[in-house]
Structures are given as structure tokens and as C-alpha cells.
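First the structure, in the form of C-alpha cells, and then the observations on it.
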Amino acid sequence: MRQLFTKFKLILVNLTANIGFYPTLFAFGGLFMGFAMLYAESRGISSFLIEHVPQLVINDADTARTLLSTFIGGIISLMVFSFSMVMLLLNQASSNYSPRILPGLISNKKHQYVLGYYIAVLIYCILILLSVEPTDNKYQLPGFSVIVGIVMSMLVLALFIYFIHSISEAIQINRIVENIFSKAKTRLDRLIENTGDHDRSTQFPDGEDWYEIRIDETGYLQTIAIDTLMNICKENNFKVRIMQPKGSFILKNIPIARCSKELDEQTTTNVLSCFAFSRSEIVTHNYILGFKQLTEIALKAMSPGINDPGTAITCIDYLTELFALRLKKEDYSYIHNEDDDAVICLRTIDFRELIYFVFVSLRSYCKHDVIMLHKMLTALYFLLQVESVIKDSEEIIIDEINLILEDAKENITNPRDLEGIFAISKKIAAHNRTGKTLVGLG
């Protein structure tokens, strides 16, 4: 039972990111409301209102059919236009920025709500139209339901205006970059909050001789049901070390975890059910993807076809803030039980690997651009002054600074530009508390 519940919870997390999830819920809502109104009509709500408030009822069948038919045709036209706008947004974002950002745009709940409301009103109007029958008895006409359909259709027009405004903002690169940053920052903040006070977990066993658990599927490790896994560890009295970081692509039959004791088949199955895999990456589940997306957008912006250094600089600013936040999180994460004992060790991408793979891409594509080199050095100079819980963070940052300075010496030929770049290294030297020497201009 627990295994099915965990699987359902993990599937639901991935399902909510699908563009059709919320529109489907709204569609069922429109269907339910249509049947509810027809039931109310069968109980005489329209005849009651005709006697007391006749202004709230349409008592002419031809007028009702004309209005509902017009609304149905108009809503279908708005739906076609709105979906076309969404596809245009996705196509432009993929071409100009990065295909990786598409899942984040698709999962925009505001747009899903609007499209879902369109479908709900459309289904409602169709149901009410089918119930309008030619008759001379005005009390048999669902007049009040028609009025409700008119009001709902008017709201469609208001939401359409909102949709145009929202889609025009969503396609702006500054909004896209800000959303990516916000999701990655939120995820990092949550990790720091849940795994705080790292020093108390340094005695967690390395688990080299522990029993391995291998996965039975292939895909990106999207998320882990930590609460369920913690309960399994408590019931069976064992500790677990996760061997793969979230967001990594894992092949079938690769070890994903090590347990402090050998588990039976059922318990192993329960542990495996705590891991959710997907064929795509979602930034809300994995903050590393935020670093990847911001880096790729910066690289795309510096390409000759786009040539937008302003966007690249903005991405570096956001990356700098994310790195500053990452410095507050150790390279390891532990989950503790109620007795303050570390039970689960989470594998994470360490700071050295993360900062290297971000800046090696930026250096490779931007080493001929003086402004970008200047910006990267300024970012690292700022990170050097940020308080960090990672012991060797300053040495890691100095290593990256030296790599940038070496590339600058090899690719920048203008002496004055070089002097401007190496002027930053003088400021960095004042904060260099490591034994490493900065690369000089000579």
C-alpha cells in the first residue's frame, strides 16, 4: 500500500508539470457544472426566477440558441488563437534562448488556468445548448442556465485580455531568466533549510562495504520521496547513502543507493519506489538545472546569430547570486530523524564541479569578449567575499580566476584591454587569503 501511495505521489508531482493537466481538471469542472445546472433546471429554478426575478431568465428558445451558438464559435476561435500564441512562444524561446527552458514555460499555471477555463465554458455552453428544446412553454426552457453561460462567456473575454498581456510578458528574456532564477533559488533555500547545521553529520559512514540497491529503469532522477524513505529506514533500522545526485541521467541496473544492512525483496522494492524518474528535467525539482539553463541562455546570447551581450551579462548576474547562495550549502546533505541522528545521506554535485562546468562554457565562448571577461572576473571577485560553509571555496574560486586570466592573456591582444582586465586581479589579490598566486600580466 505504501509503495502505491509513494508512486502515486511522485507521479502526481510530474503530472502537474504537463500542459494538459489543469485544463483537463477545468474541463471536468465545466462538465460537472453543466450537469449541476441541468439538475437545478429540472427542479424548477428557472420557473421560480421567472415568477420572482424575471430579469435573470431568458424565456425565448431562439434567442438562447443563437447566443449559445455564437459563444461556442467565439470561444473556439479564441482557443485556437491562444494555443497558437503558446506555440509561437515555445518556438521563439527554443530558437532564441534554449530548448531547456521549454518545460518551465509549458508548466506556467496561469496560462493553463486560462486555457482550462476556455474549455470549461465551451463544454458548459454545449451542454446547455443541447438541452434547449423547441417548445411553447417558457417554463421548460433552461433560461437561468443560459444567463449563467452568458456571464461565463463574458469572463472569457476578460481572461483573453489577461492572456495576451501575460503571454507578451512571458516571452521577454528578462522574465524568463528571472523565473529560472527564482525557481532555482527557491529550491536551494529549501535544501539549505532542510539540511542545515551540517557539521553534526561529518561522522556519517562512507558506506563502501554497504549493500547496493540498483535501479530497474532509465531516466533522470527527478525527485526523492524523503519522508517515505525516512519511514522505511526507521521501520527497518538502517541508514542509506544516495549515490546519484538529483537531475543526473541514470542507466538501468546502475547502483543508486547503499544501505547499512541487507534488505529483503519487499523492502528493496519499497526503497526503489521512493525514487521518481523522468525523461525530462524540471528546475523546480533540481536547482542544478537552473545553473545549466542560465549558462546556456548566456552562451546563446553571445552567438553571432543572436548577438545580445546584455542578456549574457544579466545571466551572469543571476548566476553569481545563485553561486553566493550555493556557498551557504555544504557539498553534502544529510536528513536527520527525530533523535537528531543522520539517517539519509544525499549525493550532491560539489561546488568545485558546479562552478567549473559553468565557467568553462562561458570561457570557451566568451574568451574573445573583453566585457564578458571583465564581468566574469567581477562575479568571482564578489563570490570571494561571500561567507561560505565550504572549506576550500576560496581556493576553488581562485583557480577559476586564474583560468580566466590565462585565457585573457592568450586571446586579448589590445594592451589597454588587458590592463583593464588585470586591474580586477589587483582587487582580488587584496582578498586572496589562500596560498595560491594569481596569474600576472607579465
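Among the residues of the stretch 64-80, is there at least one that is within 13 Å of Pro142 (Cβ to Cβ), assigned to a helix (DSSP H, G or I) and out of contact with any Gly (no Cβ under 9 Å at 6 or more places or on another chain)? Spell out how you get there, then give the answer.
Going residue by residue through the stretch 64-80, those that are within 13 Å of Pro142 (Cβ to Cβ) are 64-65, 67-68.
Checking the rest, the ones that are also assigned to a helix (DSSP H, G or I) come to 64-65, 67-68.
Keeping just the survivors that are out of contact with any Gly (no Cβ under 9 Å at 6 or more places or on another chain) gives 65.
Yes, the stretch 64-80 contains at least one residue that is within 13 Å of Pro142 (Cβ to Cβ), assigned to a helix (DSSP H, G or I) and out of contact with any Gly (no Cβ under 9 Å at 6 or more places or on another chain).
Determine which member of the set Thr228, Thr223 is outside any loop (DSSP other than H, G, I, E, B), modelled with pLDDT under 85 and touching a Cys at 6+ places or on another chain (Cβ under 6 Å).
Criteria check complete, one pass: Thr228.
Give the stretch 270-286 a look and list any residue that's among the β-branched types (Val, Ile, Thr) and either assigned to a loop (DSSP other than H, G, I, E, B) or modelled with pLDDT under 80 (or both), or say none.
Listed by number, the residues that qualify are Ile282, Val283, Thr284.
So is Ile349 under 30 Å from Glu208 (Cα atoms), of a type in the set (A, V, I, L, M) and touching a residue at least 40 places away in the same chain (Cβ under 8 Å) or not?
The answer is yes for Ile349.
Checking the structure you have, find out if any residue of the stretch 350-359 is within 26 Å of the chain's Cα centre (by Cα), buried (at least 18 other Cβ atoms within 10 Å of the Cβ) and hydroxyl-bearing (Ser, Thr, Tyr).
So far as the stretch 350-359 goes, no, none of its residues is within 26 Å of the chain's Cα centre (by Cα), buried (at least 18 other Cβ atoms within 10 Å of the Cβ) and hydroxyl-bearing (Ser, Thr, Tyr).
Considering (1) in contact with a Phe, Trp or Tyr (Cβ under 9 Å, 6 or more places away or on another chain); (2) within 17 Å of Gly30 (Cα to Cα), say which one Ile180 fails and leave the rest.
(2)
When the stretch 237-256 is examined, which residues are found to be crowded, with 16+ Cβ neighbours inside 10 Å and either farther than 14 Å from Leu346 by Cα or in contact with a helix residue (DSSP H, G or I) (Cβ under 7 Å, 6 or more places away or on another chain) (or both)?
Result: Phe238, Lys239, Val240, Gly247, Ile250.
Which residues, counting only those in the stretch 318-332, are surrounded by 21 or more Cβ atoms within 10 Å (Cβ to Cβ) and within 16 Å of Lys391 (Cβ to Cβ)?
Correct list: Arg326, Lys329, Glu330.
Within the bounds of the stretch 84-100, is there any residue that is open to solvent by 80 Å² or more (accessible area, probe 1.4 Å) and of a type in the set (A, V, I, L, M)?
yes
Here are the criteria: (1) open to solvent by 60 Å² or more (accessible area, probe 1.4 Å); (2) more than 24 Å from Ile297 (Cβ to Cβ); (3) modelled with pLDDT of 85 or more. Tell me which single one Leu418 does not satisfy.
Of (1) open to solvent by 60 Å² or more (accessible area, probe 1.4 Å); (2) more than 24 Å from Ile297 (Cβ to Cβ); (3) modelled with pLDDT of 85 or more, only one is false for Leu418: (1).
Between a first residue in the stretch 120-142 that is surrounded by fewer than 23 Cβ atoms within 10 Å (Cβ to Cβ) and a second residue that is modelled with pLDDT under 65, which pairs have beta carbons less than 8 Å apart while being 6 or more apart in sequence or on different chains?
Sorted first by the residue in the stretch 120-142, then by its partner, the pairs are Glu133/Gln140.
Would you check if there is a residue in the stretch 261-276 being among the charged types (D, E, K, R) and buried (at least 18 other Cβ atoms within 10 Å of the Cβ)?
No: zero hits.
Of everything in the stretch 190-220, what is at pLDDT 80 or above and of a type in the set (Lys, Arg)? Give them in sequence order.
Arg190, Arg214
If a residue must be touching a helix residue (DSSP H, G or I) at 6+ places or on another chain (Cβ under 7 Å) and not in a loop (DSSP other than H, G, I, E, B), how many such residues does the stretch 333-355 contain?
Qualifying residue count for the region: 10.
In the list Ile256, Ile242, which residue meets the criterion of being under 25 Å from the mean Cα position of the chain (by Cα) and without any contact (Cβ under 8 Å) to a residue 60 or more places away in the chain?
Just one listed residue meets the conditions, Ile256.
Please pick out the residue among Thr314, Thr267, Thr320 that is part of a helix (DSSP H, G or I) and without any contact (Cβ under 8 Å) to a residue 40 or more places away in the chain.
Result: Thr267 is the single residue among Thr314, Thr267, Thr320 that is part of a helix (DSSP H, G or I) and without any contact (Cβ under 8 Å) to a residue 40 or more places away in the chain.
Suppose we filter Gly440, Gly435 for residues that are open to solvent by less than 50 Å² (accessible area, probe 1.4 Å), part of a loop (DSSP other than H, G, I, E, B) and out of contact with any Lys or Arg (no Cβ under 6 Å at 6 or more places or on another chain); which single one remains?
Numbers: Gly435 fails: open to solvent by less than 50 Å² (accessible area, probe 1.4 Å).
On inspection, the qualifying residue turns out to be Gly440.
The values are calculated or read from the model by the stated rules, or taken from the named source; none is laboratory data. Bear in mind that the values here come from a model prediction, so they are computed numbers and not experimental data. Cβ coordinates were reconstructed from backbone atoms using ideal geometry, including for glycine residues, and neighbour counts include every protein chain displayed. Only protein heavy atoms, including side chains, enter the accessible area calculation; ligands, DNA and RNA are left aside. Shrake-Rupley method; radii C 1.70, N 1.55, O 1.52, S 1.80 Å.
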